[in-house]
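Trainee: One structure coming up, written as structure tokens, with questions to follow.
Readers should treat all values here as calculations from the given coordinates under stated rules, not as data from a laboratory. In this text, all values refer to a predicted model and were calculated from it rather than measured experimentally. A quick note on method: Cβ atoms are made from the backbone with ideal geometry, for glycine too, and the neighbour counts reach across all protein chains shown.
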């Protein structure tokens, strides 16, 4: 009997997947394979990986769309919701500031400057990553952060 693997570890062997296709879909797959000069496995693996790569982006886009809809609804006269979100953002920013202050105070005086530089550098790297993905707000934030 094979050993069970831990959930956070990759499988020891590559798992095999099976699926069924309608006759016309199968014929289309065979045609694509002949045209591309690749096996069905190669084509199906590539298609699955493309789907999985786009999955996170689609989820992020849906979340962004929901947020945009909420903001548009607030602009349409929902002052109460706007104030509620503003208060929530203010509380989060106060919490972030508190955590930063605790870390700064607990760091040795020799390490503070280096830790602050490292934190700023990592934040800039995250913004660069967002900028590469076409986030115009992140681009502006990065310009502001790097110019100060």
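Trainee: Quick one: Cα centre-to-centre distance for region 83-104 and region 16-79, in angstrom?
Mentor: Result: 37 Å between the Cα centres.
Trainee: How do 41, 19, 82 rank when sorted from fewest to most other Cβ atoms within 10 Å of their own Cβ?
Mentor: Values: 41 11, 19 6, 82 15.
Fewest-to-most ranking of 41, 19, 82: 19, 41, 82.
Trainee: Starting from the 7 Å offset along Cα-to-Cβ, what nm value, one decimal, do you get for the label separation of residue 128 and residue 32?
Mentor: Rounded to a tenth, the inter-label distance reads 3.6 nm.
Trainee: Hey, another quick one. Taking a spot 7 Å from the Cα of residue 72 along the direction of its beta carbon, which residues of region 82-98 have an amide N less than 19 Å from it?
Mentor: 82
Trainee: Okay, moving on. Work out the FRET efficiency for residue 63 and residue 85 from their Cβ-Cβ distance, taking R0 = 22 Å, and round it to the nearest 0.05.
Mentor: Working: r = 15 Å, r/R0 = 0.69.
Efficiency, rounded to the nearest 0.05: 0.90.
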